[in-house]
Every structure is written in C-alpha cells, then in structure tokens.
1. Quick one: how many residues across region 399-449 are buried (at least 24 other Cβ atoms within 10 Å of the Cβ), more than 28 Å from residue 176 (Cβ to Cβ) and modelled with pLDDT under 95?
2. Considering every residue within region 235-244, establish whether at least one is away from ligand 2 (no atom under 14 Å from the Cβ), more than 20 Å from residue 268 (Cβ to Cβ), at pLDDT 95 or above and of a type outside the set (A, V, I, L, M).
3. Counting only residues that are assigned to a loop (DSSP other than H, G, I, E, B) and more than 16 Å from ligand 2 (Cβ to nearest atom), how many does region 95-112 have?
4. If you check residue 155 against the conditions, is it open to solvent by 10 Å² or more (accessible area, probe 1.4 Å), more than 16 Å from ligand 2 (Cβ to nearest atom) and farther than 19 Å from residue 271 by Cβ?
5. Just give me the residues in region 317-326 being more than 16 Å from ligand 1 (Cβ to nearest atom) and either open to solvent by 40 Å² or more (accessible area, probe 1.4 Å) or within 39 Å of the chain's Cα centre (by Cα) (or both), in sequence order.
6. May I ask you to list pairs of residues, at least six apart or on different chains, whose Cβ atoms are under 6 Å apart, with the first in region 630-642 being more than 23 Å from residue 612 (Cβ to Cβ) and the second being open to solvent by 40 Å² or more (accessible area, probe 1.4 Å)?
7. Please go through region 464-486 and give me each residue that is outside any loop (DSSP other than H, G, I, E, B) and either hydrophobic (A, V, I, L, M, F, W, C) or open to solvent by 20 Å² or more (accessible area, probe 1.4 Å) (or both), ordered by number.
8. Based on this model, can you work out whether residue 586 counts as in a strand (DSSP E or B) and more than 22 Å from residue 698 (Cα to Cα)?
Amino acid sequence: MTANALDEAFRAAVAGLSFVDTAGDASARMGEPLRAGTALTVGAALELFDAQATSRQLDFAARRLQSEGRGFYTIGSSGHESNAALAAALRPTDPALLHYRSGGFYQARAAQVPGSTPVRDVLQGLLCAEDEPIAGGRHKVFGHAELAVIPQTSTIASHLPRAVGLAVSLRRATKLGVAPPWPADSVVVCSFGDASANHSTATGAINTALQTAHQRLPVPVLFVCEDNGLGISVRTPEDWIVQAYGLRPGLRYFTADGFDVAATYDTALAAAEYVRRSGRPAFLHLRTVRFLGHAGSDAEISYRTPSQIEADYARDPLLGTASALAEAGAATPAELLQRYDAAAGAVEQAIDELSDVPRLATAERVMAPLAPRRSSAIADAIADLAAAAKPDLDSSPSVVVGTVRAAQPENAADRPEKGGLTLAASITTALGDLLAADPRVLLFGEDVGRKGGVYGVTRGLARRFGAGRVFDTLLDEQSILGLALGAGLAGLVPVPEIQYLAYLHNAEDQLRGEAATLSFFSQGRYRNPMVVRIAGLGYQKGFGGHFHNDNAVGVLRDIPGLVTACPARGSDAAAMLRTCWASAAVDGSVCVFLEPIAQYHTRDLHEDGDEGWLDPYEGPDAWTAGHVPIGSARTYGDGADLTLVTFGNGVAMTLRVARRLAAQGIEARVLDLRWLAPLPVADIVREARATGRLLVVDETRRSGGVSEGVLAALVDAGYSGTMARVTSRDSFVPLGPAAHDVLLGEDEIEAAAVRLVRGEHNDRSAGAAEHRPPAH
Ligand SMILES: Cc1ncc(C[n+]2csc(CCOP(=O)(O)OP(=O)(O)O)c2C)c(N)n1
Ligand SMILES: [Mg+2]
C-alpha cells in the first residue's frame, strides 16, 4: 500500500463521516467527556487526533525523504497511532521504552511537556542529523531525556529485561536513599509487537516480572503489545496473544481496540492506575493494524492480497478518532481534515527548516559518546571511596591482615595465615568495602545471596549488608543483566554475577546490544553503569567439562567500549575491582570482571606451602597509591632475553615457567595484561622492545582469543622483533584429564620460550601441528 492510497482512503472516509451537530459552542465543551462513560474529554481527544495525524504525516515524510535521498529510515507507525492514547494515560515522567511503531505515543508524550519539539526530533532522526536530541544522528530511535523516553535498539524485545529491571530498581533505589531520576511511584511502560511477544527475551522478562511480583516485591511495569497480527510477513495465529498472556496468573490483562480512542484511553488509564497502585505488572493488549508494509523496502503485496490490505483502512485509528469526534459533534469532517492538513504543514515547515542539517562526518564524532574514559575522575573517585570506606572499616567485623583490615573469609583455604588472602577472599573483601562505602552498590545473581556464590566469593555479604543490597535472583541470565541495566538507569551501581562464562553467552545481547550501545545511542544522556562479575576460564580442579571451564572471550573483546578486566591474583583483583566500580560510577562504563575460577582458592605459586599466591589486602590508605588504571599491565621481573605476555591463569603458569627458564640461563620478564579490553598496548610494546623477543601465553583459543589482539597490536605499532604465541586449542574443553590435551600447559609454554630464544619459533607454534613442516 502506498502512502498516497492510505492518504486518499483516509480523506474519503473522513469526508463521508456523519457529523452530529450538537448545536452548541464546541469550544465550551472541551472539558466534557467525548461520549458517555469515558474519561477522555473532547479537548484531549482533539489533541490525540493531532498527535496521531502528526505521526502519520511523519511516516509519509519519511518515505518522501528517502525517495529524495535525504532520509534513511522508513519503518513507520501508521496503523498503530492509537498508542498516543497510552501516552495520554500516563505521566510524562513515567519511563517509556518504546516499540519502533510508537510514533503516536512520542507525539502525545511530547505534547505533555512544554517546550518539546517532537516533529523536529523525529525528522532529525530520519535525516541522521547530528543535532538530533538523543542519538545525535547515529540511529533513528524514539528517545528523549526530558521526555523520559529511553532509546531502544532494533533488536526486538531486547528492551524488556531492562524495563523490568528499571521497574524493580526505582523503588529499591528510593529505599536505599538514592534518588532515582524519575519519581518512585512511576510506572515503567514498554511496548513491543505481537511477533516480538514470542521472543525468549520477552517471555523471560515477563516471567521475571511475574516471579518478582509473586514474592510480593514491587515491579510496576506495564507491558504493551501493539498487535497488528503480523511479524513482517508472518501472521500471528488468531487470538494467540490473548491465549499467551490473557490468562497468566499474576499478570493483569487489559485489552483495547485501537480504533476506539476513548476505549483505548480508558483501558490504558485503568492499566496504568492498576500498576501504579498495586506495584504489580500488567499487560495491555492494544489491537492495531499495520499500514505501508513493514518498512519502505517491504513489498507487502508479495504476501498479502490487495483486499486484505484495503480491508484494514476501515480500522484506521485516525479514522476511529475522527469518527468519534464527529459523532460527538466536536469537529466537522472539514475541520478534521484541516487539522490533518495542519499536521502535514507543520511537518513540511520543519523539513524546510532542516534543509541543511549537519551530519556526523568523521569517525571521531561518531565514536565520541562510545566510552568516555576520564582517568583522573576515576582516580579521584577512588580517593573519595577510600575516605568513605575508612569509618566503616573501623567499626566493621574484620580481621587484621598485616596492618590492614579485611572481612573474615569463611572458606578455610582463604583464611590468612602468613598475612595474605586468596583471589577469592580479596574479591570478597573488596566487594564488602564497596558495599560499605557506596550505598548505590548492589550485588546480585544466582546463588549470590545465602549461599554466597558457587565459589563462596560473596559469602557473608548478604548477612552483612541485607537482602536489599545483596540478593539471589532467578535463574535467567538475560534477566540478571536486565536488572543491572535498569538499576544503572535508576542511579544505582549494579554488580551482577554470572555463574560461569559459558552462561554469559546465553544472554550476551543484553551486554552487547543493550548495555554497550546505550551511551552511543543517547550521547551519554542515559547510562547503564555496571560491573558484571563472571567466574570463568579453564583449569578447574574438581569441576570439569566445557561449561565450567569455558575460555571463549572473543565475544567480549570486540564489543566497542566494553571494559574487560581479568585479574590473576588477589592484590590486582581488589584494585581492579575498585577501578571498574569507579569507571562505572563516573563514566557509566560497562565493565566485565572476569575471575579465573582456578585461581580463586589457590595459595601456592612455585611449591606446596610457599603461599606465593596469597596477597596482603591493602586498606583504604593504600588505594590511591595502589590504583590500577584501566588498560595498565603489570610486569614481573626485568629479564632481558624474553618477554612473556599473559593474563589470568597464564600468569601463575608463566611465572613458574620463567623460573624454570632461569635455571637454563634464559632470563624472562612476564607481563600480565590485567585488562583484556582495552589492551595495555603501550605496556605491551614497551616490554616487547625491551627484549626484542615476545611470546604470548594465552589460555584462550587460538582463533578469536587474546593472542590475536596482542600480536596485531605489535604489528600495528611497528614492532620489529620476533614474536610467537602459544594458546589453547580451538576446541571445547572435555571432562576429565583430557582437558589438558586442549588447554595450554606449562611444558608447552616452556618449550615455545626455549625455541623462541633459540630462533626456532616460526615453524613450531602450538596448535598448528597439522601445518608443521617435518622436524629438522
Ligand atoms: C531479535 C531480532 N530478530 C529479528 C529481527 C528482524 N525483525 C525486525 S522487526 C521484525 C518483526 C517484528 O514483528 P512484531 O513484533 O509483530 O512488530 P511489528 O513490526 O509488526 O510492529 C523482525 C523479525 C529483529 N529486529 N530482532
Ligand atoms: Mg506485528
């Protein structure tokens, strides 16, 4: 269906409406109900018609602008404009996460906020204008900080976990004394399509909301399904949405036909009131039609007949509002068409004003909001943290480690004897310090609360800080990350835990598509700071198999702006955790804190009982001096023969190998990357040039693993020395002793180091055995 055909059908239908002349002064009736029994006044209905008409005219303009080569986006809202009534039923401060067809909502929301320029906003989005208010020309999204509209990605339903997380967090933040940016009694509204309602992200988020409400915790979220019966070309089975969501215990279901503006408004009002009053989730099923195909590029005629398409004209929500107004005697057909044309005129005028828009023209400008890193502000935040931590530490139950206090670890292996803590105990203690010093910090995940995490890393923290701050979640990684996304928006600093790296993969888009893009698509107007703790990597003793030893980090390394920390030992872990916290709090960074499980409770480095892998836990006085900036490596030794670059489990292995090499007269230095993204490039290049021979010791896979980044960084920097790598194999990790056949081992590291020093490295790199030339 073309825009012209829709326009003509609407004009003809309005012209044919019968106007009921109530013989009164229409302007005097603005405050009266549109019809008996509705809360929608005549005046409000006229405003809704204007919002709907404006949205429709913007869809027409989008097609025209594209045909002129000026516009770049044509997915429209035509047929869905009844969502304007939803906006009118909500407060303009109710956070909204909108479907891409919620154009009517956007216009009506903006009409509630003086000074808004919603026509210009949308056009600037279509034109990719650099001064568009939310994405700044990076995408066409509905979003505006002053309108409480949080921009969404194109990934359908991916915003629902965040919406649920925000609903849970608004009241929780207020309880914790943290003022969220929206009123504590807000309703969080999220809209999505009928096909999207089947997506596991949607079903998971709705389930999470219900499970939360089932525990009598507030989760004031209104799910709005804009049901046009189609997902691109695929029909949603008749009555499926009501079957799926109309009968869910705990989910109050409301339904409205978008053609009937008064009924839609009344139903939305009842739904919003229910959610606000009860703090429980509700589902509003808004029945719509879809005009103009899925997008400008969609040849709808290939999967729908002309008569099917034309039958929808009679259900046009603009026509519905127009006919209700005519029937009420509030506007004549001619007056309605005048308003419709006035909306077109306003759109045209705004287009003229935007005839010469500035567009993003350099990579630097595109990337500017990607990941701000204000290193001195991060350092200052750590100094402030130290000041805030001191009074609490003085009074908290803790044990003295050297001259420093730390929480008492409950795992026997982690108890300090010679004045040091394991990696796990250092993380526990540092988490405790963060919780004590910053009331915005929340810790949550599967088993994080009572059990204290699968490996005991959060043990004791729920008891110490209460279930409001350290708590168990349900078993759904998308929802755990969604809670973090919402909590960050609400002004908190969430520290979610994912039990194993393998199970991040299952929810990865919440990090990649949602968390990491928000700053980019909102120019930092919205941020979702977080520090995602993930237990991962291989070499676990006692709990084997791939899923508990997953070493696939490629999926993290290529996410623009994401910080990935990977501490090898306790002292680094504590300092790096504080850095991640500060970066999240100060710059809104999305940080992954990858904890090598196999090092959690390791005490010894070279020999049994040497306790070489225990570290003192430094107290607040040392935090500033001990600050570890993002992207700064740690170097062990100053051997001149060889530089061994490693991280994670590799650090302890490589330090042992370095000792064995020394016994053979090879002096190596060991560089622990500490940060897998951004890589400490300057440190790598400096230490490589210091010896002229570099071996990357990488426990992750040969393909997509960390070594690729290290070697490429050296090539980019023009490093001219020799270099080689040893890695784990491109395999999943098997259960039992065979794990060591695919995971990198110390013998392999040592042999490669010796070969490199002897100049034999090129033909003997591990993992490439099948390509090796015959041995000489
Ligand atoms: C996760 C994901 N898969 C596929 C797509 C491609 N896609 C975009 S819109 C769409 C159909 C959505 O239909 P529905 O939810 O009913 O919304 P409607 O467009 O009908 O309003 C699809 C498959 C996507 N954006 N995201
Ligand atoms: Mg649909």
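1. Number satisfying all stated conditions: 1.
2. Yes, because at least one residue in region 235-244 is away from ligand 2 (no atom under 14 Å from the Cβ), more than 20 Å from residue 268 (Cβ to Cβ), at pLDDT 95 or above and of a type outside the set (A, V, I, L, M).
3. Our first condition is that a residue be assigned to a loop (DSSP other than H, G, I, E, B); within region 95-112, this holds for 95, 98-102, 112.
Restricting the remaining residues to those that are more than 16 Å from ligand 2 (Cβ to nearest atom) gives 95, 112.
Going through region 95-112 one residue at a time, the tally reaches 2.
4. Values: open to solvent by 10 Å² or more (accessible area, probe 1.4 Å): yes; more than 16 Å from ligand 2 (Cβ to nearest atom): no; farther than 19 Å from residue 271 by Cβ: yes.
Spelling it out, it is not the case that residue 155 is open to solvent by 10 Å² or more (accessible area, probe 1.4 Å), more than 16 Å from ligand 2 (Cβ to nearest atom) and farther than 19 Å from residue 271 by Cβ.
5. Selection gives 318, 319, 320, 321.
6. 631/678; 640/667
7. 464, 465, 470, 471, 472, 478, 480, 481, 483, 484, 485
8. Numbers: in a strand (DSSP E or B): no; more than 22 Å from residue 698 (Cα to Cα): yes.
In short, no.
The values are calculated or read from the model by the stated rules, or taken from the named source; none is laboratory data. Note that the structure is predicted; figures quoted are calculated from it, not measured. Glycine also receives a Cβ, built like all others from the backbone with ideal geometry; neighbour counts cover every protein chain displayed. Areas reflect the complete protein model, heavy atoms only, side chains present, ligands, DNA and RNA absent. Shrake-Rupley method; radii C 1.70, N 1.55, O 1.52, S 1.80 Å.
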